[in-house]
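Contents: one structure, followed by commentary.
The values are calculated or read from the model by the stated rules, or taken from the named source; none is laboratory data. These figures come from a predicted structure and were not determined experimentally. Surface areas here come from the heavy atoms of the whole protein model, side chains and all, with no ligands, DNA or RNA. Shrake-Rupley method; radii C 1.70, N 1.55, O 1.52, S 1.80 Å.
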Amino acid sequence: GGGGGAAMADGEGLVSVDYEVHGKVQGVFFRKYTQGEAKRLGLVGWVRNTSHGTVQGQIQGPTARVRELQEWLRKIGSPQSRISRAEFSNEKKIQALEHEEFQILK
């Protein structure tokens, strides 16, 4: 990569991807940290606990930023969490963001 202005690269585009994180991810502020990380990266979407002990949601934003959050969900998570695996599905290019912010859903 060379220099260039602060404008978004046109070639990058926006993507939407669903995720589900397995492991010890409930009761460890996982949703709060995910929301914080998503906001730091400028992403939108949502996160919620499921009834079967996982955390799932959707991420939308510039491809490179989405990749960063995917990596975070796969390896880092909240300080007390123990991630066994993260699964990503339904990845698709989108023309515009479908969420206004990154929300924690009940």
Spelling it out for S81: with amide H atoms placed in the peptide plane at 1.01 Å from N, the residues 5 or more places away or on another chain with amide H under 5 Å from its amide H are none
Mind pulling the angle between the C-alpha long axis of helix 63-75 and the longest principal axis of the chain? Nearest 10 degrees, somewhere in 0 to 90. 20
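Taking only protein heavy atoms into account and a 1.4 Å probe, give the accessible area per residue of the chain in Å².
Values: 6400 Å² over 106 residues.
With all protein chains present, the chain gives 60 Å² per residue.
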Note on the chain: C-alpha Rg/Rh, Kirkwood Rh, two decimals, gives 0.99
Convert each backbone phi in segment 54-59 into a coupling constant with the Karplus relation 6.51 cos²θ - 1.76 cosθ + 1.60 (shift: θ = phi - 60°), then list the ³J(HN,Hα) values in order as whole Hz, x for Gly and Pro. 10, 10, 9, x, 9, 10
To make sure I understand the rule: partners must be lysines, Cα under 25 Å from the Cα of K93, and not fewer than 8 residues away in the same chain. Which ones qualify? K39, K75
Need one value: the accessible area of R48 in square angstrom, 1.4 angstrom probe, rounded to the nearest 10. 80
Rounded to the nearest 10 Å², the accessible area of L43 using a 1.4 Å probe with every protein chain kept is 10
If one compares the long axis through the Cα atoms of helix 30-41 with the longest principal axis of the Cα atoms of the chain, the angle in degrees, nearest 10, works out at 10
